[in-house]
1. Over the chain, what per residue volume does the convex hull of the Cα atoms give, in whole Å³?
2. In terms of modelled amide H atoms, which long-range or inter-chain residues lie less than 5 Å from the amide H of THR17?
3. Below 23 Å, Cα to Cα, which lysines can LYS18 reach? Residues fewer than 8 away in the same chain don't count.
4. What relative contact order, as a whole-number percentage, does the chain give when Cα pairs under 8 Å and 6 or more residues apart are counted?
5. Okay, helix-only estimate at 222 nm for the chain: each DSSP H run of n ≥ 4 adds -39500 (n - 2.57), divide by all residues, round to 500 deg cm²/dmol; what do you get?
Amino acid sequence: MVRYAARINGLDTLAITKLDVLDGLPKIKICVGYQLSDSDQVLTEFPTRLNRLEKCIPVYEEIDGWQADTTGAKNLDDLPLAAKRYLARISELVGTEISIVSVGSERRASLKLNSIF
């Protein structure tokens with residue numbers, strides 16, 4: 001769905017918020033497609049017609065979590081390797097770079113990864 005939203009809105013960068021909420025999870029699921037419940041067909045693009053969407057079951061890719069605190073991170077290098085892999089996979093699936101990642105509720109908890117201007 002995010003890839004579809006990025007495409008139709010012309011997004012060229014993403015801001016990932018609340019990364020820290022995932023800190024304690026051993027595994028993280030990412031939706032990578034939609035299987036039509038009445039067939040074996042798996043859609044890799046978001047179904048935009050409601051009559052098709054209501055027949056869809058999400059298809060997930062499961063990746064390792066990081067089970068480490070990210071709230072103290074000041075830059076990308078401070079994040080656990082698995083968190084960096086998660087961000088890279090999101091970027092790859094959406095087809096857009098990530099410029100900002102927040103790791104807490106404070107303003108200073110936003111990591112600027114790339115110049116957004």
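Quick note: the coordinates plus some simple rules give every number you see, no bench work behind them. Since the model is a prediction, treat every value here as computed from it, not as a measurement.
1. Once divided by residue count, the hull of the chain is 116 Å³.
2. Those lying under 5 Å, H to H, from THR17 are SER102.
3. Leaving aside lysines fewer than 8 places away in the same chain, those within reach of LYS18 are LYS27, LYS29, LYS74, LYS84, LYS112.
4. This gives 33 percent for the chain.
5. Roughly -6000 deg cm²/dmol at 222 nm, from the helical runs in the chain.
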